[in-house]
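**Student:** Have a look at this one.
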Amino acid sequence: MRSPLFVLALGLISPAPIACAGEMTPTHFQQVSLESFKTTEGVLKPGQKEGQVLVDVPKMRAVVPSSSSSVAELHFTYLGPTRRQLPLASGENRLQVGLKLRAQDACNLAYVMWRLAPEPGLVVSIKSNPGDHDSDSCGNRGYTNLEPRQAVPVPLIVKGDSHVLRAEQEGKVLRVFADGILVWEGELPREALALKGPVGLRSDNGRFELEMFALQP
């Protein structure tokens, strides 16, 4: 039985729920320990429970170098906004948490992001900048939001809420689950499929308790 996850692109909503499907079981996963994350921006701290990590900084970016890129699951509890807020390079002050997929480097990867503000919803995007490999080189260039072939809304999140976000790739197809419901399904473009890299985490301007599960080679 597949445990699902979160996400959806705003304005791209089908009128009826999408049925849940899948064969992956939790036994295929390994919980990611704090020591297994490579944090590239911000800080991850130990959480209250074993295997849990805490984010309390305006910007956090991390990858799991030992992981496979085909599936990842994130259990998170929203604790409220960070005391200090930092706008993105675009100037927007966004509050969000989500998964990195096929994270080749800071300039070339896929994102599945659950946005809390300014407009709630799920966004699946690709950042593609061939030839660039670090944030100083590419900045906020190269983002493309992907359109799903089917999608449903994700729940609104308030302080204290806990949710599960899951992303799975099978061939060209990416499926995203929120709390056991398939909420986004679509195809990854060629440039995304060419990327080689692990899964990871990203958060902006929110405090979160997180538990991540990933496939290990």
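**Student:** Amide H of VAL183 versus every other amide H placed in the peptide plane: which residues, excluding those fewer than 5 positions away on the same chain, fall under 5 Å?
**Tutor:** Amide H neighbours of VAL183, under 5 Å, 5+ apart: VAL176, PHE177, ALA178.
**Student:** Rolling a 1.4 angstrom probe over the protein heavy atoms, how many square angstrom per residue are accessible across the range 29-215?
**Tutor:** 44
**Student:** Ordered by residue, what ³J(HN,Hα) values in Hz, to whole numbers, does the range 82-90 give under the Karplus form 6.51 cos²θ - 1.76 cosθ + 1.60, where θ = phi - 60° and Gly and Pro are x?
**Tutor:** Running phi through 6.51 cos²θ - 1.76 cosθ + 1.60 with θ = phi - 60° gives 6, 4, 9, 10, 10, x, 6, 4, 6 Hz.
**Student:** Would you pull out the residues with amide H under 5 Å of ALA151's amide H, same chain only if 5 or more places away, H placed 1.01 Å from N?
**Tutor:** For ALA151, the qualifying residues are SER14.
**Student:** Relative contact order, percent, of the range 29-215 when contacts are C-alpha pairs under 8 Å separated by at least 6 residues?
**Tutor:** 36
**Student:** Taking semi-axes √(5λ) of the Cα gyration tensor in Å straight from the coordinates, which label in [x] 22, 20, 19; [y] 93, 25, 13; [z] 33, 20, 17 is the correct one?
**Tutor:** Entry [x].
**Student:** Which percent of the accessible area of the chain is formed by carbon and sulfur heavy atoms (probe 1.4 angstrom)?
**Tutor:** The value for the chain is 52 percent carbon and sulfur by accessible area.
**Student:** Scan the chain and report its longest stretch carrying no trypsin sites (Lys or Arg not before Pro) that are both in a DSSP loop and have at most 16 other Cβ atoms within 10 Å.
**Tutor:** The segment 85-140 is the longest one with no such site.
**Student:** In terms of modelled amide H atoms, which long-range or inter-chain residues lie less than 5 Å from the amide H of SER66?
**Tutor:** Amide H to amide H, under 5 Å and 5 or more residues apart or across chains, SER66 pairs with nothing.
The values are calculated or read from the model by the stated rules, or taken from the named source; none is laboratory data. These numbers come from a predicted model, not from an experiment. Note: ideal-geometry Cβ built from the backbone for every residue, glycine included; neighbour counts use all protein chains shown. Areas reflect the complete protein model, heavy atoms only, side chains present, ligands, DNA and RNA absent. Shrake-Rupley method; radii C 1.70, N 1.55, O 1.52, S 1.80 Å.
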